[in-house]
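Have a look at the structure below, then the notes.
The values are calculated or read from the model by the stated rules, or taken from the named source; none is laboratory data. All values derive from a computational prediction rather than experimental measurement. Heads up, the Cβs are rebuilt from the backbone with ideal geometry, glycines too, and the neighbour counts pull from every protein chain shown.
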Ligand code: ASP
């Protein structure tokens, strides 16, 4: 029996076309909205298009709008699953935001494309069809928000964009996909062991993301304090270490009760309090720095925004990052 699938178009390359000069951009009509007429044999589609934005234009405001659309449809009670089409640049942030905050009970799949609608080898419609299959699968239930592209099913928490242009750009470093889409159907081979969700209503705080480097000092951190940010995520070195010259800035944040979260600038692995030298992980932990549990920088930033919508208590935020 055909399932009821909510299809939300938000923009991105999947909704763009290439013009005669070779520029890829959105037009007045979303090619995907026209294309969706051909998808009615797959599912009964309920189509929404709240905005049509390249994903570098997406902010937490749009992410929140998506959460409310999903939850409103959930209240109506007749939806079996949802697919969101989205630009790939910030897709992982929107997917993870929804994973952390959305209360809808049906599977939510986020997809996109690396080649626009009229380019040779365009992957948009194909990824959309795969995503509808995944959202229609009862096996997709209870696995959190999923990201489906290039025949692979990834969790929102682990997936990241790894390549600027290759269609297999979405990977889950260290963990791999949790399922595949084949011509015969959808096959899950892993089940996530845990899932966190916070019922936040609004994102108001300001969180910055900066990257550590050899010779880093405290100037950027001090500038951020003057800009009155509510938290900072630092992509630290290796297992979670910082140059000694950056510590003054870190201490200023902590003195002001403003959370400092570290992730690693390394592609895989988690940050840990291993090193005991000045600026090493053990020292940072003693200072009160929060260690993220394997998230990348952009997702730790989303999580800190969500955490700050819930509490300003550093211990509680620390607890949330230990999950
Ligand atoms: N720049 C585009 C966007 O994120 C890339 C894409 O969709 O693939 O909107």
Considering (1) more than 11 Å from the ligand (Cβ to nearest atom); (2) assigned to a helix (DSSP H, G or I); (3) in contact (Cβ under 8 Å) with a residue 40 or more places away in the chain, say which one residue 118 fails and leave the rest.
-> (2)
Would you check if residue 153 is under 20 Å from the mean Cα position of the chain (by Cα) and either at pLDDT below 95 or away from the ligand (no atom under 16 Å from the Cβ) (or both)?
-> yes
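To keep it simple, each residue is scored yes or no on (1) at pLDDT 95 or above; (2) in contact with a strand residue (DSSP E or B) (Cβ under 8 Å, 6 or more places away or on another chain); (3) within 16 Å of the ligand (Cβ to nearest atom).
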position	(1), (2), (3)
47	no, yes, no
50	yes, yes, yes
53	yes, no, yes
86	yes, yes, yes
99	yes, yes, no
106	yes, yes, no
Just one of the numbered conditions (1) in contact (Cβ under 8 Å) with a residue 40 or more places away in the chain; (2) part of a loop (DSSP other than H, G, I, E, B) is not true of residue 279; which one?
-> (1)
Which is closer than 18 Å to residue 199 by Cβ and surrounded by 16 or more Cβ atoms within 10 Å (Cβ to Cβ), of 295, 305, 284?
-> 305
Among the residues of region 3-34, write down those that are farther than 19 Å from residue 148 by Cβ and part of a loop (DSSP other than H, G, I, E, B).
-> 16, 19, 20, 21, 22, 23, 26, 27, 28, 29, 30
Set 259, 199, 177, 244: member being in contact (Cβ under 8 Å) with a residue 24 or more places away in the chain and closer than 30 Å to residue 129 by Cβ | 177
Tell me, which strands (runs of 3 or more DSSP E) lie completely within region 171-257 with 2 or more residues that are under 20 Å from residue 317 (Cα atoms) and more than 17 Å from the chain's Cα centre (by Cα)?
-> 231-236
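Residues checked against (1) touching a residue at least 12 places away in the same chain (Cβ under 8 Å); (2) within 16 Å of the ligand (Cβ to nearest atom); (3) surrounded by fewer than 18 Cβ atoms within 10 Å (Cβ to Cβ):
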{"site": "8", "(1), (2), (3)": "yes, yes, no"}
{"site": "12", "(1), (2), (3)": "yes, yes, no"}
{"site": "16", "(1), (2), (3)": "yes, yes, no"}
{"site": "22", "(1), (2), (3)": "no, yes, yes"}
{"site": "27", "(1), (2), (3)": "no, yes, yes"}
{"site": "31", "(1), (2), (3)": "yes, yes, no"}
{"site": "34", "(1), (2), (3)": "no, no, yes"}
{"site": "44", "(1), (2), (3)": "yes, no, yes"}
What are the residues in region 73-84 that are away from the ligand (no atom under 13 Å from the Cβ) and in contact (Cβ under 8 Å) with a residue 12 or more places away in the chain, if any?
-> 73, 74, 78, 79, 80, 81, 82, 83
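Conditions tested, residue by residue: (1) surrounded by fewer than 12 Cβ atoms within 10 Å (Cβ to Cβ); (2) over 30 Å from residue 278 (Cα atoms).
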position	(1), (2)
189	yes, yes
193	yes, yes
205	no, yes
211	no, no
218	no, no
223	no, no
227	yes, no
231	no, no
Select from region 123-141 the residues that are within 16 Å of the ligand (Cβ to nearest atom) and touching a helix residue (DSSP H, G or I) at 6+ places or on another chain (Cβ under 9 Å) and list them in ascending order.
-> 123, 124, 125, 127, 128
Return yes or no: is residue 40 modelled with pLDDT under 90, away from the ligand (no atom under 16 Å from the Cβ) and more than 26 Å from the chain's Cα centre (by Cα)?
-> yes
Matching residues, region 285-298, being more than 16 Å from residue 211 (Cβ to Cβ) and either touching a residue at least 12 places away in the same chain (Cβ under 8 Å) or part of a loop (DSSP other than H, G, I, E, B) (or both) = 285, 287, 288, 290, 291, 293, 294
Leading residue by the ranking (surrounded by the most Cβ atoms within 10 Å (Cβ to Cβ)) among those in region 259-277 that are farther than 16 Å from residue 212 by Cα and touching a strand residue (DSSP E or B) at 6+ places or on another chain (Cβ under 6 Å) = 259
